[in-house]
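The values are calculated or read from the model by the stated rules, or taken from the named source; none is laboratory data. Since the structure is predicted, the reported quantities are computational estimates derived from the model, not experimental observations. Heads up, the Cβs are rebuilt from the backbone with ideal geometry, glycines too, and the neighbour counts pull from every protein chain shown. These accessible areas exclude ligands, DNA and RNA; they are computed on the full protein's heavy atoms, side chains included. Shrake-Rupley method; radii C 1.70, N 1.55, O 1.52, S 1.80 Å.
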Amino acid sequence: MIFSLAFLSGCGPSTRIYSDIDDSGTFDQYATYNFMDFSEGNLKTITGMELERIRVAFAKELERHGLTFSEDKADVSVKITVYHREAARGYAYSGIYNYMERAISIDMFDNLSNKHVWHCAAVGELEKDPEVRAAELSNQVAKIFERYPIPAAPAG
């Protein structure tokens, strides 16, 4: 039992990144973006404060990658979706570890061609403390944007 607790305490939550891209996307020509509405399910299950933090974190990364927010006639529309599910991991000698998993995904749509051009998601164990979750959010979104085809502008 003590070995099991020591083993679990050493394994912090890890984030896995999954992405897909449409090669026909003209990412170097996209200059403006807008946000699509959160899903009804997200609006019902996640506080407005947290949804706003998520949107702001994505806006900062989009702007670091050269895009500017435009309410009307944006080059791309961005859909952010948050998923939760129960998950389990098995460890040798320690049994099953059950936890809540969270995925935050971004889908980007080219508004001229009406094509879905980029998808990326960060998946990991849900941090239960909202303050810690908020503090980790920027890092998670930055990891997502490591897969974006246009590099971020240099800081400064």
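Here are the numbers:
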item	result
Order by protection proxy (mean Cβ within 10 Å, highest first), peptides 116-124, 20-28	116-124, 20-28
Projected area averaged over orientations for segment 22-70, convex hull of C-alpha atoms, nm²	4.3
Given charges at beta-carbon only (K, R positive; D, E negative), |dipole| of segment 33-156 in Debye	240
√(5λ) per eigenvalue of the Cα gyration tensor, segment 89-156, largest first, Å	31, 17, 12
Length gained when the stretch ASP72-SER138 is fully extended (0.36 nm per residue, less Cα-Cα span)	21.1 nm
Rounded accessible area of SER77 (nearest 10 Å², 1.4 Å probe)	20
Rounded percent of accessible protein surface that carbon and sulfur make up, the chain, 1.4 Å probe	54
Gain on full stretching of the segment that runs from ASP37 to LYS128 - 0.36 nm per residue minus C-alpha separation	30.3 nm
Pair MET49, TYR93: separation of 7 Å Cα→Cβ label points (nm)	4.3
Stretch in the chain that is longest and holds no trypsin sites (Lys or Arg not before Pro) that DSSP places in a loop and that have at most 12 other beta carbons within 10 Å	1-72
Cleavage-rule hits, GluC sites (Glu not before Pro), segment 33-102, DSSP coil, Cβ neighbours within 10 Å at most 13	GLU71
Residue among THR68, ALA103, HIS119 farthest towards the positive dipole end of segment 1-141, charges placed on Cβ	ALA103
In Hz, Karplus ³J(HN,Hα) per residue of segment 79-90 (6.51, -1.76, 1.60; θ = phi - 60°; x = Gly, Pro)	10, 10, 10, 10, 10, 10, 7, 6, 9, 8, 10, x
Full-extension gain in nm, ASN114 to SER19, via 0.36 nm per residue minus C-alpha separation	32.3 nm
Solvent-accessible heavy-atom area per residue, rounded to whole Å², over the chain at 1.4 Å	61
Cα-based shape type of segment 13-99, given that a ≥ b ≥ c are square roots of the gyration tensor eigenvalues and the cut on a/c is 1.5	prolate
Paired Rg and Dmax values of the chain, which use every Cα atom, in angstrom	17.7, 59
